[in-house]
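Student: Mind having a look at this structure? Questions to follow.
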Amino acid sequence: MSNKGIEKSTAPAAGATAGTRHYTITVNNQTYNVTVAVADGAQAPAAGSPAGGMTVAPAVAAPVKEGTDVDAPTPGNIIKILVEVGENVVVNQPLVVMEAMKMESEVNAPCAGKISAIHVAAGDAVQASEPLLTIG
């Protein structure tokens, strides 16, 4: 991981404590001044005042995801969804019919399980590696 765009501030901010760290971070050419406080050896959520008066929200942990996503193998259009949420599927069962470069192809189940979510509908255009559905 690169530290490009992250600079540690050399001047302490007013009211800074021994466990406080100040950073200037640039994201998409937008500069943010971020203060991170450390108390009792534990890291507190980041608080910041980015340039331009915007506020920085503390980082939120990504939700734990269960199941196996079935991704589009190529860019194309969804022609038909062959399964429904709650349906049990077996390995290699056809799930979706896609059209790519004027050719139809089936997307098959990589594993057995129950369809827990369908992320696309017939007529949708998708990109390669975009999740089509989830087997949970």
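Every read-out reported here was derived from the displayed coordinates using simple, explicitly stated rules and does not represent laboratory data. None of the values given here were measured: they were computed from a predicted structure. Cβ: placed from backbone, ideal geometry, glycine included. Neighbour counts: every protein chain shown.
Student: Calculated FRET efficiency, Glu130 and Asn33, Cβ-Cβ r, R0 30 Å, to nearest 0.05?
Tutor: 0.25
Student: Modelling each spin label as a point 7 Å along the Cα-to-Cβ direction, I'd like the Ala100/Ala112 distance in nm, to one decimal.
Tutor: 2.8 nm
Student: Starting from the 7 Å offset along Cα-to-Cβ, what nm value, one decimal, do you get for the label separation of Thr74 and Gln93?
Tutor: Going from the Thr74 label point to the Gln93 one covers 2.6 nm.
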